[in-house]
Amino acid sequence: MVKFEPIKGVVYRHDYPAIFSAIAAGRQDGLATYRQLCKDDLFFLLYFGLERIDVNDPFIIEAIQEVEDDHVNTIDLWAREHYKSTIITYGLPIQEVLNDPEERIAIFSHTRPIAKGFLRQIKQTLENISTPVVKWFPDIFYKKPRTQAPKWSEDDGLIIKRKSNSKEATFEAWGMVDGQPTSKHFTKRIYDDVVTKESVTTPEQIKKVLDAYETSESLGTDGGTARMAGTHYHFADLYAHLKKQTDVYNVRIKPATHDGTPQGKPVFLSRRRLSELRRKQGAYVFSCQQLLNPIASGDQRFKAEWIKYYDRVPDRLNKYLLGDPANEKRKQSDYTTLGVIGLDAYGNYFLLDLLREKLSLGERWDALRDMWSSNQPIKAVGYEKYGKDADINYFEEKQRDQGVYFPITALGGPMSKTDRILRLVPRFETGTFLLPHRLIRNGEDLIQILIDEEYLFFPFTSHDDLLDMIARIEDIGAVRPMVYVPEGNATAITDYDVLRAA
């Protein structure tokens, strides 16, 4: 038996030192007591039965007791490294089969390899004959499961000693999105890490996860239960959707700090560890993973309430045509994006035209020429130059061939794409970057695409081509137009001064 040191001030479910003293004195049957405690005290099972002495912490003990008291149709959103999987996906399933060896438990994760990782921990524990719970329950666990159990693998599942001949194993691991089982029904469904960074890059990916979850509900049984554990990756992810169903799910949220703010007192990890995570993960991921608030402190970067639309544009604008080409005309490549942005005398930016397509080199020239022609007058043309000198050289040849001349400024620089896009934040936040209500091209509303697939999902988006192209307005050297107001002598409003002609 592992050594136990009670933590002062912590209320445990049982007085373990007193129980051990009674067993040592012969007043209590040791094996029967251990078996019963494993069945009705999850902390005892984890600490003594599974020898996880690391769970003897005030935060973890309280969390264990909460989960033990309520784990049916629950959603546990806890900060990373705060033991949710240890309690909910490792310890609790083992306790459940101690109370009923006929249980059929499925662990679902976003992909099957993730789920197999959780199953592997259970498998390795139950293979070790020196594990106390294995020794205490020889009627449930095999002494040599690798050779004695009907099934004992990560692919086929784990079967313990039971009376039924169910086609489902006692424990199985499945991917919720990449290949759910068919014709199987489980008494317990555990969802752990079904939302990942990759699953929230687009609205389609988010919907795919939701659809997969709804499909997986048919893998339960009448009277079966489900529970979910994870952390946020996006303000509209599966957890956010299910949290709204208060009549179905009981939600527990455990951020890394006592008040869910970066400045709050840590509940489990050290301040130093949290600072390290904040530095490595960045503000947005830290807000999602540790504070469980994907839009905390402005970390969503672009907010829906910042979006402003225009009904008409000023008569006088300086217009700039910007281009951000893709490498190849391949399905997996980025889009070529072109756009025209107008700047008025008061510092307001108007998005006037857009293109977002997968184009060959020749098609890129045609698109650039046509957008330049249809949006006259154009103050300047800026074109992304990273690895694209061939584009600009080709365009200059086509200009000579077709007699269409306009200078093209090559845009580049060492700044990362994310940092370039972040320069747009103050423009949108102050309401000085305005969008048209709609902009239809080839049957698609590019404004809706810009908002739904890039703006609201940044920085977690599979494509950010439109935002990156728009951000180049900061590199083209845009200036405000001079507006003349007749007041006897003309008044010219420039970037910074009001100049009065003599």
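Nothing in this text is a laboratory measurement; each read-out follows from the coordinates by a stated rule. Just so it is clear, the model here is predicted, and its values are computed rather than measured. When we count neighbours, we look across all protein chains shown, and the Cβ atoms used for this are built from the backbone with ideal geometry, even at glycine.
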TODO: Output ³J(HN,Hα) for region 56-71: one whole-Hz value per residue in order, computed from phi by the Karplus curve 6.51 cos²θ - 1.76 cosθ + 1.60 with θ = phi - 60°, and x for Gly and Pro.
DONE: 7, 9, x, 5, 5, 4, 5, 5, 4, 5, 4, 5, 4, 6, 8, 9
Task: Principal-axis tilt of helix 361-374 within the chain, Cα atoms, nearest 10 degrees - done: 60
Task: For Cα extents along the principal axes in Å, calculated from these coordinates, the label among (i) 109, 47, 40; (ii) 72, 67, 66; (iii) 78, 53, 47 - done: (i)
Task: Cut-off under 5 Å, modelled amide H: who pairs with Leu411 long-range - done: Tyr383, Glu384, Lys385
- [ ] Could you tell me which of rounded, prolate or oblate describes region 1-69, using a ≥ b ≥ c as the square roots of the eigenvalues of the alpha-carbon gyration tensor, with rounded for a/c under 1.5 and, failing that, prolate when a/b is larger than b/c and oblate otherwise?
- [x] prolate
- [ ] Report, in degrees rounded to the nearest 10, the 0 to 90 angle that the Cα long axis of helix 389-402 makes with the longest principal axis of the chain.
- [x] 30
Task: J(HN,Hα) series, region 38-53, from Karplus relation 6.51 cos²θ - 1.76 cosθ + 1.60, nearest Hz, glycine and proline x - done: 4, 6, 10, 9, 5, 5, 4, 4, 5, 6, 8, x, 10, 6, 9, 5
TODO: Output the peptides 437-443, 215-221, 41-47, 461-467 sorted from most to least packed, where packing is the average of other Cβ atoms within 10 Å over each peptide's residues.
DONE: 41-47, 461-467, 215-221, 437-443
TODO: For region 417-422, just list the computed ³J(HN,Hα) in residue order, Karplus coefficients 6.51, -1.76 and 1.60, θ = phi - 60°, integers in Hz, with x standing in for Gly and Pro.
DONE: 4, 4, 5, 4, 5, 5
- [ ] Please give the contour-minus-distance gain from Asp311 to Glu444: 0.36 nm per residue of separation, less the Cα-Cα distance, rounded to one decimal in nm.
- [x] 45.9 nm
